[in-house]
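Working notes, beginning with the structure itself.
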Amino acid sequence: MAQDTDVLLNEKRIFNPDEQVIKRANVDKWESELNKGKDLEKYWANKAEQFEWFQKWDKVLDDSNKPFYKWFVNGKINLAYNAVDRWIKTPKRNQVAILYANERGDERKITYYELYREVNKFANGLINLGVKKGDRVSMYLPMCPELLVSMLACTKIGAIHNVVYSGLSVGPFVERMNELKAKILITADGTYRRGKIIDLKKIADEGLLQSHTVETVIVVNHTGNSIESSDLSGREISYDRLIEGESDEFKAELMDAEDPLFILHTSGSTGKPKGILHTTAGYMVGVATTLRDIFDIHDDDLWWCTGDIGWITGHSYVIYAPLLLGTTTLVYEGAPDYPDPGIWWRMVERYGVTKFYTAPTAIRHLMRFGNRYPKIYNTSSLKILGTVGEPINPEAWMWFYKNIGKEKIPIMDTWWQTETGMHLISPLPTTPLKPGSATKPVPGVEADVVDGKGNPVPLGKGGFLIIKTPWPAMFRNLYHDEERFINSYWKDYPGYYNAGDIARKDEDGYFWIQGRSDDVLKIAGHRIGTSEVESAFVSHPAVAEAAVIGKSDPVKGQVVKAFLVLREGYQLKTKLIEDLKLHVRYELGPVAVLGELDQVKSLPKTRSGKIMRRILRAREEGEDLGDTSTLEE
Ligand code: WTA
C-alpha cells in the first residue's frame, strides 16, 4: 500500500524498548561482533556453526560470479535433519514441535520425537513411489500438520517442494504443476473456513485433468469430508495408506549447501508468476538467525506466526526457522474473525503464546472492532510482536502496541520478500521504534534508497530500495528463467539487488517502505500481478481488453480497480459485473479482491502498445498525469 507521505513525514514518535526486553535480548553481543570486525563472512560463519554439518564448508561466500552467489561452498548438510533429528538426541525430544489448532477448537500436539517418526514414515512412502533427490513435489494443502510433514519429508529426501497456497484456484495451481513437471501432488479432502469446509480435492481434481506429469496423488484425510474420487487412472492413494507399515527410520540425504530446497511462486509486474528458487544451507542459516535474534527466541517460547504456509512467511517462519531453533510453532487453521474477532487473543491466552507475528491487514481488520475483544483476554504472556507483508500505518501500529502489547512490548516491523527468504530490514528487540518504519537493515545487511541512476537520494526523499550486500537466504535464481532473474533484479543497479519497492530514509537512517515501484499489487498482504488479473478478465467472453490498478483500501491495503473494454453488444450492468467477479475469483481464487469495475472505450497505451497504468492511477487519484509524451493518443 502506498502510504500517505505527509502522515509519515510527520510521524515523530519514538518508543524506546522496555528494560526487561533489553535484559532478555541477546542481541548486543552479535551486533557488536559484526561491527567490530565488519567481517561479513566471519559473522555468517558463526551463525552457521550452530548446525550439524555432515561436511563443513570450504568458503563462506563465493561472489566470483555475481549475481550467482554461493554460500557455504562445498558444505554438506540436511535441513530436515537439523530441524527435527537433531532435537531427538536432546531434552527437546518430547517437547511439542507443532501445536495445531483450528477454528472448531480441535487441537493436536506433535512432539519432536513424534514428528521425527512421522516424517521418516512419509519419506519412506515417497521413496516407494519413486521420488528421488531433485524431483518436484507439488502441495495443495491447508494449514495442517501433514503439510509440515510433507515439506520436511521432501527436504529429508532432497526432493524440491512447491507449495501452492490453498486460496489460489485451479489456474495458478495447474500452471505451477506443469511448469515444474511435478511427479507427485499432495492434497487434502478439504480445509475449514468460517464454519464451512472448502473442498480442495475437487479443485485439485479439476487441475489434474490438465496435468501430464503427476504420477501419484496423495490425499490427506483432514476434515473427514466425504470426497468423490475422480480417480480414473488409479493414481490416488491416501496419506494414511501410504505411511501404513512404513519404517520410522530414514537416513537424511546428504545435500550440498547449494542444492535446491524449494520453489515458491510469486507475482512479478509482467507475465507469469516467478518460480523463486531457494537453496539449502544459506536459507537455513538466514531464517534461523533472523528469527532467533529479531524475535529473541528462547527455550520457553511459544511462537505463533499467523501467515499461511502457502507463502514465504509460512515457509520461513511457521515451519523452518522455528523448528531449526527447536521452538514450538503454533499452526492455526482459521480466519482472524471467526467465530468472533476475539479468536486470536483467545488463542494467545489459552496457549500462552509469547511471540506473535502477523500482517498489518489483519490488524486493521481487527481494529475496526475497537478494544472490546482484546480486553476480554489475558495476553500478558506476549513478549514480542511482529508484522510483515506491507507497510503498517501508524494508527494500526499504535492500536497493536496499546491493545495487544499494553504499551510494554516492542513490535518488529519486518521488511522482506519471497526472494529474500529472510528478514532484511527490521528492528531488533533493543531498537527504538518509530510507528510505520521497519527501522534499519539487520546485521550483515546494507541497504539504500537511490534514484533511477543508482545515486543515493537526499534524506527524506522517495527512491528505489536496493540491497547492497549478499545475504545467505537470498534466492539463487528463477526456475528455468535466468534471463528474467537478471533483468528483474540485477540489471538496473549492477552489483546491487533491486527490491522493486519505493522507500525513504530519514535523518536517523530509518527506512520507511512505501509500497511497490512496479505493477505488483498487495491485497491483504498477498502479492498479485496486475497482468495476472488482466489475463483473468480477458479470458471472459465479454472482455476485449483490461487494465487493472491497485486502489487504496482501509483494510486490505489495496483492492483491484479494473478498466474494461467490452466486446460489442456487452454493457457493464449488474448481472455482468457479478458474472465477471465470479469468473475472476474462479480463475485466480479469493486472493484477487475486486473493487470497482469501469467500462471504458479504450485504454491509455504507449505507441508500442503497452498499457500505461500510471495514467489510470493518476486519473483515479485525481493527480497530475505527468509526462504523457509517449502516450499513443
Ligand atoms: C512488501 C512477504 C513494508 C514489500 C514477506 C515487498 C513490506 C513485498 C513489508 C514482498 C514491511 C513486506 N513493510 N512493506 N514490513 N514486508 N512488504 O514476496 O512491498 O509476498 O516488496 O513477501 O511486500 O512480498 P512477498
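Scanning the stretch 498-512 for residues that are more than 8 Å from the ligand (Cβ to nearest atom) and either closer than 24 Å to P67 by Cα or not hydroxyl-bearing (S, T, Y) (or both) turns up N498, I502, A503, R504, K505, D506, E507, D508, G509, F511, W512. For V520, the requirement of being touching a residue at least 24 places away in the same chain (Cβ under 8 Å), under 27 Å from A335 (Cβ atoms) and within 16 Å of the ligand (Cβ to nearest atom) is met.
Scanning the stretch 405-427 for residues that are within 9 Å of the ligand (Cβ to nearest atom), within 22 Å of G310 (Cβ to Cβ) and assigned to a loop (DSSP other than H, G, I, E, B) yields T414, W416, Q417, T418, E419, T420, H423. Suppose the filter is among the acidic types (D, E) and surrounded by fewer than 17 Cβ atoms within 10 Å (Cβ to Cβ); does E587 pass it? No: the conditions fail for E587. Among the residues of the stretch 19-55, count how many are modelled with pLDDT under 85 and assigned to a loop (DSSP other than H, G, I, E, B). Final tally of qualifying residues: 3. Before we move on, is F475 over 21 Å from the mean Cα position of the chain (by Cα) and within 16 Å of the ligand (Cβ to nearest atom)? Against the criterion (over 21 Å from the mean Cα position of the chain (by Cα) and within 16 Å of the ligand (Cβ to nearest atom)), F475 does not qualify.
Within the stretch 86-125, the residues that satisfy the criterion of being among the aliphatic types (A, V, I, L, M), in a helix (DSSP H, G or I) and under 26 Å from the mean Cα position of the chain (by Cα) are L115, V119, A123. When G525, G626 are checked against the criterion of being at pLDDT below 95, farther than 29 Å from A359 by Cα and touching a helix residue (DSSP H, G or I) at 6+ places or on another chain (Cβ under 9 Å), G626 stands alone in meeting it. Taking the listed residues A546, A503, the one that is modelled with pLDDT of 95 or more, crowded, with 23+ Cβ neighbours inside 10 Å and closer than 30 Å to I363 by Cα is A503, with no other qualifying. Evaluate the following for T306: is it within 14 Å of the ligand (Cβ to nearest atom), without any contact (Cβ under 8 Å) to a residue 60 or more places away in the chain and within 23 Å of S437 (Cα to Cα)? Judged against the criteria, T306 is a match. Exactly one residue out of S552, S539, S531 is in contact (Cβ under 8 Å) with a residue 12 or more places away in the chain, within 16 Å of the ligand (Cβ to nearest atom) and among the polar types (S, T, N, Q), and it is S552.
When G436, G525, G444 are screened for being buried (at least 19 other Cβ atoms within 10 Å of the Cβ), more than 14 Å from the ligand (Cβ to nearest atom) and touching a residue at least 40 places away in the same chain (Cβ under 8 Å), only G444 passes. For D296, the conditions (1) closer than 17 Å to M143 by Cβ; (2) part of a loop (DSSP other than H, G, I, E, B) all hold with the exception of (1). Taking the listed residues G495, G515, the one that is in contact (Cβ under 8 Å) with a residue 40 or more places away in the chain, away from the ligand (no atom under 11 Å from the Cβ) and within 27 Å of V457 (Cβ to Cβ) is G495, with no other qualifying. Identify all residues within the stretch 373-410 that are surrounded by 22 or more Cβ atoms within 10 Å (Cβ to Cβ) and either of a type in the set (K, R) or free of Cβ contacts under 8 Å to residues at least 12 places away in the same chain (or both); write none if there are none. Within the stretch 373-410, K383 is the sole residue that qualifies. Of all residues in the stretch 204-222, those satisfying the criterion of being buried (at least 19 other Cβ atoms within 10 Å of the Cβ) and modelled with pLDDT under 95 are A204, D205, G207, L208. Here the condition is being of a type in the set (A, V, I, L, M, F, W, C), out of contact with any Ser or Thr (no Cβ under 6 Å at 6 or more places or on another chain), free of Cβ contacts under 8 Å to residues at least 60 places away in the same chain and under 18 Å from G167 (Cα atoms); of L597, L582, it holds for L582 alone.
If you go through the stretch 354-412 and keep only what is β-branched (V, I, T), in contact with a Phe, Trp or Tyr (Cβ under 9 Å, 6 or more places away or on another chain) and under 22 Å from V318 (Cβ atoms), you end up with T354, T358, I363, T379, I384, T387, V388, I392, I404, I409, I411. Name the helices (runs of 4 or more DSSP H) wholly within the stretch 311-390 that hold at least 3 residues that are within 16 Å of the ligand (Cβ to nearest atom) and in contact with a helix residue (DSSP H, G or I) (Cβ under 7 Å, 6 or more places away or on another chain)? In the stretch 311-390, the matching helices (runs of 4 or more DSSP H) lie at 360-367.
The values are calculated or read from the model by the stated rules, or taken from the named source; none is laboratory data. Computed from a predicted model, the values in this text were never measured in an experiment. Using ideal geometry, Cβ is built from the backbone for each residue, glycine included, and neighbour counts are taken over all protein chains shown.
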